[in-house]
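Engineer: My structure is below; once you've seen it, I'll send some questions.
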Amino acid sequence: MLYYTFYQKNPASHYIYVDLKIEGITTSQLKIHLPVWRPGRYELGHFAKHIKKLEARDVQGNTLQCSKYSPSSWTISTAQCTEVYLSYSYYAAEYNAGACYANAEILYINPVHCCYWAEGFETKAHFLQFKIPEHFKIATALPLQADNWYKAETYDELADAPVICGLHLQQFSYTVQSTRFFIHFSGPCSPDWIKIKAHFEAFTQAQIQFWGSIPVDAFHFLVLLLPFKFYHGVEHLKSTVLALGPAHQLNDSLYDDFLGVASHELFHVWNIKTLRPESLLPYNFLNAQYSDCGAVYEGFTTYYGDKLLYASGVFNWIQFKTCMEERLQKHVHNYGRFNLSLAETSIDTWLDGYVPGVPYRKTSIYDEGSIMAFMLDSTIYFNTNGRFTLADVLRYAYQSKARTQGYVLQDLADWIQQACAIDLRQALHDWLYTAFDFQNVVVQQWARFGVALCFMPSPQHSESRYGFGLSDSTVNRVAPYSPAWHAGLFNNTQIISVNNHKAELNVQALIEQQSENNQHICLQVLQEYTERTCTLQVKPQTARYYPIPVLNIINQTLFDQHQYFFKH
């Protein structure tokens, strides 16, 4: 068994200190490892880079040889000891939903980042304890034992169980279908619990009904409320961490984001934590595990995280359509949709899935995956005269052998055939395996519900007329073959002047002013430490770049006739 003790010496340093006791050793060599990635973020993280001074000793305190043989693996010469004691520190200064953070007010860990595992002990019990100030509270899904140790039955369970120890922790709970749900708020806040409880009960009920059952007895929402603008969530089987900010806006402008990320992460209990691709069964924490199924485990989750908020009555039509418009806007603004398929994008999360990457290269398993889910959902609905939806397909998969044996992307067509008796192989091939522009087909599909999908000009003249976006005075995107593209603008170009008017404060306003009654503007720019002049020429009837999608009900009767689709 393994026993981890966590404590701090100087909270301001961000270092967490760990003492680890490994007992029951029967070999002369013990191999230990630290994960190189974490489930939920499909890229290499190499968490060993945060480790400082790993030491090994026997029960008498004698130093044991500890040799590193790869960036995240060590061999310990046990000298026939049955117990080994490790000590090390971990630099915890990443305040997000998937990492570790420590200061005077919080000790927050994701064990997958900072807990070594020992070969041969993966299925043994792992215990944690925390030496923290008396006024701190603890939030985690791990069960507390009588002796103040938290217990994980295996290393996999430990790696999947984040822990928050903090000064500002508030706990609330609710029950749906005999399952207890806890919401832990970390950070100074005054949650509107009556409203939160009603909304969480509603979407939780909708999700359990969607799948038919829930594979856990209890579930914990661990909510990190931050003082700055932030939005992040990470899924686990028995819990989730939600990181949101600014905290003081929780009950106001941040509230829809709070509901959205909570619904999304809860849906992951089924879709990825239980129903999982074959290539991710079991998790291999020492190597990348590539999967082309990201549209299923992230795209479908994004879609249903929003749709079930609407189906449960938590979101109204305006809130739901706003979510759909946001996904569509990201799609039509992303020229990578012409260059990389969803299946390839899923594999490439390990390359550049969590950074902007090079221009025009890739799509998103979240955004394009969500749009593809809507297309699949509505296509099934109309092709079966409203008898089936994508929900029936996912329930079939969840109840089949895929739940225990994993699945491959090609199984999706078989699930549809088995659950709905229709063949969508060609559509799935186009949507998943080719670089596909969903814009026109989504317009047609929404029209079948009595909803018009229109594309309005961007209010930013730099975008709609000239094809480039700005962050302050710096170019952050350029549409291919636009006036900006032809003039030689590219990312990180700095605008110095517009028609000889110095660009000081509001560059957009200056561009709009100088564009009035003009078919071109002249920009003085700084590119790669060199000043140059760019002339952007707008031709009559030119294309409009970076349009804004807007969904409007134009046939209320038709829309009302199809409410079954939106409620399932």
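The values are calculated or read from the model by the stated rules, or taken from the named source; none is laboratory data. Quick caveat: nothing in here was measured; it's all calculated off a predicted structure. Here Cβ is always computed from backbone atoms with ideal geometry, including for glycine, and neighbour counts include all displayed protein chains.
Engineer: What's the number of the condition Tyr466 fails, among (1) without any contact (Cβ under 8 Å) to a residue 60 or more places away in the chain; (2) farther than 30 Å from Asn383 by Cβ?
Structural biologist: Just one mismatch for Tyr466, condition (1).
Engineer: Still on this structure: Quickly run through segment 160-181 and pick out the residues that are modelled with pLDDT of 95 or more and in contact with an Asp or Glu (Cβ under 7 Å, 6 or more places away or on another chain).
Structural biologist: Just the residues of segment 160-181 that are modelled with pLDDT of 95 or more, to begin with: 160-166, 169-181.
Once the filter is applied, which keeps residues that are modelled with pLDDT of 95 or more and in contact with an Asp or Glu (Cβ under 7 Å, 6 or more places away or on another chain), segment 160-181 yields Gly166, Tyr174, Val176, Thr179.
Engineer: Would you mind stating whether Ala79 is loosely packed, with under 15 Cβ neighbours inside 10 Å, more than 30 Å from Ile365 (Cα to Cα), outside the structural domain of Pro282 (by TED's automatic domain parsing) and not hydroxyl-bearing (Ser, Thr, Tyr)? Can you show your working first?
Structural biologist: Numbers: loosely packed, with under 15 Cβ neighbours inside 10 Å: yes; more than 30 Å from Ile365 (Cα to Cα): yes; outside the structural domain of Pro282 (by TED's automatic domain parsing): yes; not hydroxyl-bearing (Ser, Thr, Tyr): yes.
Answer is yes for this residue.
Engineer: Same structure again: With respect to Leu167, is the statement that it is more than 20 Å from Ile272 (Cβ to Cβ) and either crowded, with 22+ Cβ neighbours inside 10 Å or of a type in the set (Gly, Ala, Ser) (or both) true? Break it down into steps so the answer makes sense when it comes.
Structural biologist: On the way: more than 20 Å from Ile272 (Cβ to Cβ): yes; either crowded, with 22+ Cβ neighbours inside 10 Å or of a type in the set (Gly, Ala, Ser) (or both): no.
No, not satisfied.
Engineer: Report the residue count in segment 289-320 for those that are surrounded by fewer than 22 Cβ atoms within 10 Å (Cβ to Cβ) and assigned to a helix (DSSP H, G or I).
Structural biologist: Qualifying residue count, segment 289-320: 5.
Engineer: To continue, here is another question. Name the residues in segment 92-109 that are within 12 Å of Gln8 (Cβ to Cβ) and either part of a strand (DSSP E or B) or polar (S, T, N, Q) (or both), would you?
Structural biologist: Hits for segment 92-109 are Tyr101, Ala102, Asn103, Ile106, Leu107, Tyr108, Ile109.
Engineer: Can you name every one of the strands (runs of 3 or more DSSP E) wholly within segment 169-236 that holds 1 or more residues which are in contact (Cβ under 8 Å) with a residue 40 or more places away in the chain, more than 14 Å from Asn96 (Cα to Cα) and in contact with a Gly (Cβ under 8 Å, 6 or more places away or on another chain)?
Structural biologist: Working: elements: 169-176, 179-186, 218-225, 230-235.
Hits in segment 169-236: none.
Engineer: Here's another thing I want to ask about it. Which ones in segment 173-218 are crowded, with 20+ Cβ neighbours inside 10 Å and either over 24 Å from the mean Cα position of the chain (by Cα) or among the polar types (S, T, N, Q) (or both)?
Structural biologist: The answer is Ser186, Thr204, Gln207.
Engineer: Looking at segment 36-60 only, could you name the residues that are in a loop (DSSP other than H, G, I, E, B) and under 15 Å from Leu20 (Cβ atoms)?
Structural biologist: First, the residues of segment 36-60 that are in a loop (DSSP other than H, G, I, E, B): 36-37, 39-40, 42-46, 58-60.
Hits for segment 36-60 are Asp58, Val59.
Engineer: Of the residues Glu94, Glu119, which single one is surrounded by fewer than 17 Cβ atoms within 10 Å (Cβ to Cβ), farther than 11 Å from Cys165 by Cβ, of a type in the set (D, E, K, R) and touching a residue at least 24 places away in the same chain (Cβ under 8 Å)?
Structural biologist: Working: Glu94 fails: touching a residue at least 24 places away in the same chain (Cβ under 8 Å).
The match here is Glu119.
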